[in-house]
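Working notes for the structure below.
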Ligand code: HEC
């Protein structure tokens, strides 16, 4: 009886993995981009007016300081390809976790305006290829406390 139940549950779990919602992005693949062209697109699309990028020399941001965010560098949660695509084409969907919660609260909505009507798909792919390796996983800080009673 128990075995039958386990087999049934396993089949249910395996089956659930196959049901794709119509909005599933599962088989979404983009061709490889070019980081150098991404760097050029970053300036051409004026991204540098609000963003510096860790380890890259760019003209200094010129926007109101409240709208400036440094991209790349050490982060607690590495950005996936999907995170960066979404951040670029749909900035209103979620505010960056690089901001403190109080900054997010003050900001309310993203001051970043999508450039979807002027950016080419190639520029988008190149931008993500340019930005992704600029992020680095922040090492977790472990604190050990040894209490030693002789
Ligand atoms: C008016 C200023 C402004 C411009 C121009 C701008 N951004 Fe942003 N961007 C922001 C701000 C502020 C945030 C943080 C709020 C948010 O998450 O939308 C942000 C967030 C991001 C993030 C998410 C960062 C992270 O690590 O969480 C990416 C990626 C990004 N921008 C890329 C771009 C690119 C590429 C361009 C050019 C096409 C661009 N931005 C243009 C202001 C701007």
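For the range 43-59, enumerate the residues that are in contact with a strand residue (DSSP E or B) (Cβ under 7 Å, 6 or more places away or on another chain) and more than 6 Å from the ligand (Cβ to nearest atom). Once the filter is applied, which keeps residues that are in contact with a strand residue (DSSP E or B) (Cβ under 7 Å, 6 or more places away or on another chain) and more than 6 Å from the ligand (Cβ to nearest atom), the range 43-59 yields 52, 53, 54, 58.
Only a single item in (1) over 27 Å from residue 29 (Cα atoms); (2) surrounded by 15 or more Cβ atoms within 10 Å (Cβ to Cβ) is not met by residue 60, and it is number (2).
So that you can scan it fast, the table gives a plain yes or no per residue for (1) in contact (Cβ under 8 Å) with a residue 40 or more places away in the chain; (2) in contact with a strand residue (DSSP E or B) (Cβ under 9 Å, 6 or more places away or on another chain); (3) farther than 24 Å from residue 137 by Cβ; (4) exposed (fewer than 12 other Cβ atoms within 10 Å of the Cβ):
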position: 66; (1), (2), (3), (4): yes, no, yes, yes
position: 86; (1), (2), (3), (4): no, no, no, no
position: 93; (1), (2), (3), (4): no, no, no, yes
position: 99; (1), (2), (3), (4): no, yes, no, no
position: 114; (1), (2), (3), (4): no, no, yes, no
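Going by the conditions given, is residue 118 out of contact with any strand residue (DSSP E or B) (no Cβ under 7 Å at 6 or more places or on another chain), part of a helix (DSSP H, G or I) and within 19 Å of residue 42 (Cα to Cα)?
No.
In summary, residue 31 fulfils each of the numbered conditions (1) assigned to a loop (DSSP other than H, G, I, E, B); (2) within 16 Å of the ligand (Cβ to nearest atom); (3) at pLDDT 95 or above with the single exception of condition (2).
The values are calculated or read from the model by the stated rules, or taken from the named source; none is laboratory data. Predicted model only: the values in this text are computed from it and were never measured. All Cβ positions, even for glycine, are placed from backbone atoms using ideal geometry, and neighbour counts span all protein chains on display.
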